[in-house]
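Remarks on the structure that follows.
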Amino acid sequence: MKSKENFTAADFEIEKIEPNTLNLLTHLVTSVMQNESAASELYEFLQCKKETAKESIREIYVFVWFYPGFQLSLLNSICSAYTTNTPSSLESILKLVTLLCEEYVVVRNILQHKLDTSLHPFLCAASVDFSERIKLSVLEIYCSILKTVTNTHCNLIPFSDILPITLRVINQPETRLKVKGTYLLFLIISVQVATEETHQKYSSRGLEYTVQTVDRFNAVDMVIGPLVMHGVNTRNPLLLKNVFRIYLKLCEKSNVRTKILEDKMPEGMFSKEIYSILKNDYELNELHKKIAKVMK
């Protein structure tokens, strides 16, 4: 892969893409640039190719993303959401971006040019401005980005932006946003950056940033602490799993573990009610056992 900012189709191994597929891709991408509703059709096509043609999916994703004018078309569609896009059209576009973010070259391009900042208004806006589904779709994009870059040499994650935004999302009343938000928070603090070309050594970049200052850790702790009781009250094992994983990750830092032990244990962590949930979920029960062991 050439090291430059403005890629063209000539920079990729286009010969790996079957001629018929290439022709259809060109047609679909051009349609998206002219008609936003075509994003759904392109998304479905890429999903199909992902399942049936894994050997060429990288070239397909990269070709679509760097097709002349495509990025600008997507950005315009996303940024005009307040005035022109219908929720269904916007959701298709966001799903399409999520899929493309499974390719490292795409994610690196997004982060280098700070294209992800166009997504921030969706997460920061009041619930009445954008639906829960739209916010979940945006969170899924960030989940895809973090999964793609962790354990690579990419050190471009905008932690200073995405961490406070994620905490704000988790604080919103909708339980599904809390579940997806805590999953994203776990991915944030789990980001590792390779420090050697051989990928044998890694820096815990996400965890280091999250606990770098007392105020930053306190902000995280204040948000996730009450979620244990919320998960118990709503009997939501997915939320509890995410919260437990976050605490276990944070406790990898001995000073953080000490502070958590010194502070009051999250309400409901060892309540009678939580054990009634644990007995019906093996994975959750195992995570809780690890929490109990760490918290001793």
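The values are calculated or read from the model by the stated rules, or taken from the named source; none is laboratory data. Fair warning: this is a prediction, and the values are worked out from it, not measured in the lab. Note that we place each Cβ from the backbone using ideal geometry, even for glycine, and neighbour counts take in every protein chain shown.
Assess whether K241 counts as being assigned by TED's automatic domain parsing to the domain that holds L187, in a helix (DSSP H, G or I), touching a residue at least 60 places away in the same chain (Cβ under 8 Å) and within 14 Å of I291 (Cβ to Cβ).
Values: assigned by TED's automatic domain parsing to the domain that holds L187: yes; in a helix (DSSP H, G or I): yes; touching a residue at least 60 places away in the same chain (Cβ under 8 Å): no; within 14 Å of I291 (Cβ to Cβ): yes.
Taking the combined requirement at face value, the residue does not satisfy it.
Here is a list: K54, K49, K135. Which entry is outside the structural domain of L163 (by TED's automatic domain parsing), among the basic types (K, R) and within 20 Å of the chain's Cα centre (by Cα)? Can you show your working first?
Working: K54 fails: within 20 Å of the chain's Cα centre (by Cα); K49 fails: within 20 Å of the chain's Cα centre (by Cα).
Of K54, K49, K135, the one residue that is outside the structural domain of L163 (by TED's automatic domain parsing), among the basic types (K, R) and within 20 Å of the chain's Cα centre (by Cα) is K135.
Which ones in region 244-277 are of a type in the set (A, V, I, L, M, F, W, C), surrounded by 16 or more Cβ atoms within 10 Å (Cβ to Cβ) and out of contact with any Lys or Arg (no Cβ under 9 Å at 6 or more places or on another chain)?
Matches in region 244-277: I246, V256, I260, M269, I274.
Taking helices (runs of 4 or more DSSP H) that do not extend beyond region 87-150, which have at least 1 residues that are more than 17 Å from S77 (Cβ to Cβ)?
Details: elements: 87-100, 104-112, 120-124, 132-149.
Result: 104-112, 120-124, 132-149.
Tell me whether region 64-81 contains one or more residues that are assigned to a helix (DSSP H, G or I), more than 26 Å from R176 (Cα to Cα) and small (G, A, S).
yes
Of the numbered conditions (1) under 19 Å from Y247 (Cβ atoms); (2) at pLDDT 95 or above, D161 fails exactly one; give the number of that condition.
(1)
How many of the residues making up region 279-296 are surrounded by fewer than 18 Cβ atoms within 10 Å (Cβ to Cβ) and farther than 24 Å from N255 by Cβ?
7
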